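Okay, so here's the structure we're looking at.
Every number here is computed from the coordinates shown, using simple stated rules; none is lab data. Since this is a predicted model, take the numbers as computed values, not measurements. Cβ: placed from backbone, ideal geometry, glycine included. Neighbour counts: every protein chain shown.
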Amino acid sequence: MVTQIDLQIAQKRAVEYFQRAGIAISPSEAAGIEVADFGLGELWQTGIQMLTYLRSDRVCARELVLLPWQTCPEHAHASAEGRMGKEETIRCRWGTVYLYIPGRPSASPHARPPENRLQYYSAWHEIVLRPGDQFTLSPDTKHWFQSGAAGAVISEFSTPLENDLDRFTDPQILPVLHVSGN
Ligand code: ZN
């Protein structure tokens with residue numbers, strides 16, 4: 001659960017990042033930035049700030065902010081019961097994003113998952129995204145990402161959000177995102 005004070009701090013910092021990245025958002029959007037701690041209560045280590053501005057039956061578009069070294073924990077968008085999992089493309093707009101997927105583990109990865117959660121990170125093939133770089137994640141592909149020391153702004157384009165199909169590696173994270181917003 002994100003506390004009210006942490007919600008306000010995280011929203012304010014996210015707005016600053018959008019300004020730095022040159023991404024215009026309206027005042028009402030700024031007030032509605034969602035903050036997720038994935039139910040772990042460790043927002044500044046495991047968490048993300050999100051502004052979803054398009055959500056239809058077919059597509060979803062949103063902007064994400066990761067504060068310095070903040071981690072979006074390992075998960076896959078699972079296919080189930082005839083529904084395909086989410087396909088998502090993440091594009092770095094500002095800062096540096098370290099993205100990890102299954103494959104040959106990187107010898108010296110830049111990111112470090114939160115120490116107390118290290119056992120729940122299994123994908124170690126590193127992809128470094130700098131502004132203008134993007135990567136598309138197919139359904140059912142495990143992935144996690146972390147920003148570098150400066151934080152990061154990311155655009156995400158995907159098929160519809162199906163939160164009930166999100167499968168997190170960490171058993172303490174429930175499938176439904178724990179989001180706080182106004
Ligand atoms: Zn994802």
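The table that follows gives values for the structure above.
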{"read-out": "Per-residue Cβ neighbour rank within 10 angstrom, fewest leading, 72, 60", "value": "60, 72"}
{"read-out": "Residues 74, 16, 81, sorted so that the one with the fewest Cβ neighbours within 10 Å comes first", "value": "81, 16, 74"}
{"read-out": "Volume per residue of the C-alpha convex hull in segment 1-51, rounded to whole Å³", "value": "68"}
{"read-out": "Segment 69-182 - charge dipole about Cα centre, Lys and Arg +1 at Cβ, Asp and Glu -1, debye rounded to 20", "value": "340"}
{"read-out": "Sum of side-chain charges, residue 41 neighbourhood, beta-carbon under 15 Å (Lys, Arg +1; Asp, Glu -1)", "value": "-3"}
{"read-out": "Cα gyration tensor shape for the chain, rounded if a/c is under 1.5, else prolate or oblate", "value": "rounded"}
{"read-out": "Average projection area in nm² (convex hull over Cα atoms of segment 27-96, one quarter of hull surface)", "value": "6.2"}
{"read-out": "Neighbour-count order for 97, 15, 153, fewest beta carbons within 10 angstrom listed first", "value": "15, 153, 97"}
{"read-out": "Mean residue ellipticity (222 nm) of the chain, computed from DSSP H runs ≥ 4 via -39,500 (n - 2.57), nearest 500", "value": "-4000 deg cm²/dmol"}
{"read-out": "Selected from 80, 127, 114, residue furthest toward positive end of dipole (the chain; charges at beta carbon)", "value": "127"}
{"read-out": "For segment 41-48, Karplus couplings with θ = phi - 60° (6.51, -1.76, 1.60), whole Hz, Gly/Pro x", "value": "x, 10, 3, 6, 9, 10, x, 7"}
{"read-out": "About the Cα centre, charge dipole magnitude for segment 10-51 (Lys/Arg +1, Asp/Glu -1 at Cβ), debye", "value": "180"}
{"read-out": "Spin-label model distance (nm) - residue 118 vs residue 149, 7 Å beyond Cα toward Cβ", "value": "2.2"}
{"read-out": "Space enclosed by the convex hull of the alpha-carbon atoms of segment 55-94, per residue, Å³", "value": "90"}
{"read-out": "Cα coordinate range in segment 87-138, projected on the principal axes (Å, largest first)", "value": "31, 24, 19"}
{"read-out": "Charged-residue dipole, Cβ positions (Lys, Arg, Asp, Glu), segment 15-115 about Cα centre, Debye nearest 20", "value": "380"}
